[in-house]
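Colleague: Mind having a look at this structure? Questions to follow.
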Amino acid sequence: MKITKAYFTVPVADMDRALSFYRDVLGLSVGFTSPDWSELSWRDATVALHGGGGSEARESWLGFYVEDLDGALAEIEDAGGRRGEERTEGGVRLMSVIDTEGNSLTVGQQPAWGP
C-alpha cells in the first residue's frame, strides 16, 4: 500500500461559516471547496471539512500552536468560536476551544522546544 495523503476530517454544519473560520481565523490555505467536502492545509497538514455535521460539540484531536495564544483566542471569539478549558501540559499553555461548527480543538502557545 502506498499512502498518497493523510488528512484530518472535521464535521461541519455550515460549510461557508466553517471555511471562513479555518481560513480567516486560523490561517489555513484553501485547496478545494464544495458544499460537502473542502480541504485546507497548513504546511504538509490537510484538514478536510465534511458537511452534514450536527450542532452538538464534538471532540477532535486537531490542534494548533500559535505565537500569541491570547491574541489567537481573541480572534477565535470574535469569529464566533468559544473558549473551553485551559490547561498546562509539559510546560505548554493549552486552551480547548469550540469552533463555529461545535467541534472541539486545542490551541496552544508555541513551546520553546517546538518547530
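Only the coordinates and a few stated rules stand behind these numbers; no lab work does. Values in this document were obtained by computation on a predicted structure and should not be read as measured data. All Cβ positions, even for glycine, are placed from backbone atoms using ideal geometry, and neighbour counts span all protein chains on display.
Colleague: Modelled label-to-label distance, Val92 and Gln110, 7 Å Cα→beta-carbon offset: nm?
Modeller: Result: 1.3 nm between the two label points.
Colleague: To continue, here is another question. Take the Cβ-Cβ distance between Trp42 and Asp14 as r, set R0 to 25 Å, and report the resulting FRET efficiency rounded to the nearest 0.05.
Modeller: 0.70
Colleague: How much FRET efficiency would the formula 1/(1 + (r/R0)^6) give for Arg82 and Val30, where r is the Cβ-Cβ distance and R0 is 25 Å, rounded to 0.05?
Modeller: Computed FRET efficiency for Arg82 and Val30: 0.60.
Colleague: Can you list which of the GluC sites (Glu not before Pro) found in segment 30-99 are DSSP loop residues with at most 15 other C-beta atoms within 10 Å?
Modeller: In loop regions of segment 30-99 (DSSP not H, G, I, E or B), the sparsely surrounded GluC sites (Glu not before Pro) are Glu56, Glu67.
Colleague: Within the chain, which is the longest segment containing none of the trypsin sites (Lys or Arg not before Pro) that sit in a DSSP loop and have at most 11 other Cβ atoms within 10 Å?
Modeller: Counting at most 11 other Cβ atoms within 10 Å as exposed, the longest clean stretch of the chain is 44-115.
Colleague: If you line up the long axis of helix 69-78 against the longest principal axis of the chain, both from Cα atoms, how many degrees apart are they, to the nearest 10?
Modeller: It is inclined by approximately 40 degrees.
Colleague: Long-range amide H contacts for Asn103: which residues qualify at under 5 Å (H placed 1.01 Å from N, peptide plane, sequence gap of 5 or more or a different chain)?
Modeller: So Asn103 has HN proximity to Arg58.
Colleague: Just to be sure I follow: if Rg is taken over the C-alpha atoms of the chain and Rh is the Kirkwood radius over the same atoms, what is Rg/Rh?
Modeller: Using Cα coordinates only, the ratio equals 0.97.
Colleague: Could you check how many percent of all C-alpha pairs in segment 1-51 are farther apart than 14 Å?
Modeller: Result for the distance tail: 46 percent.
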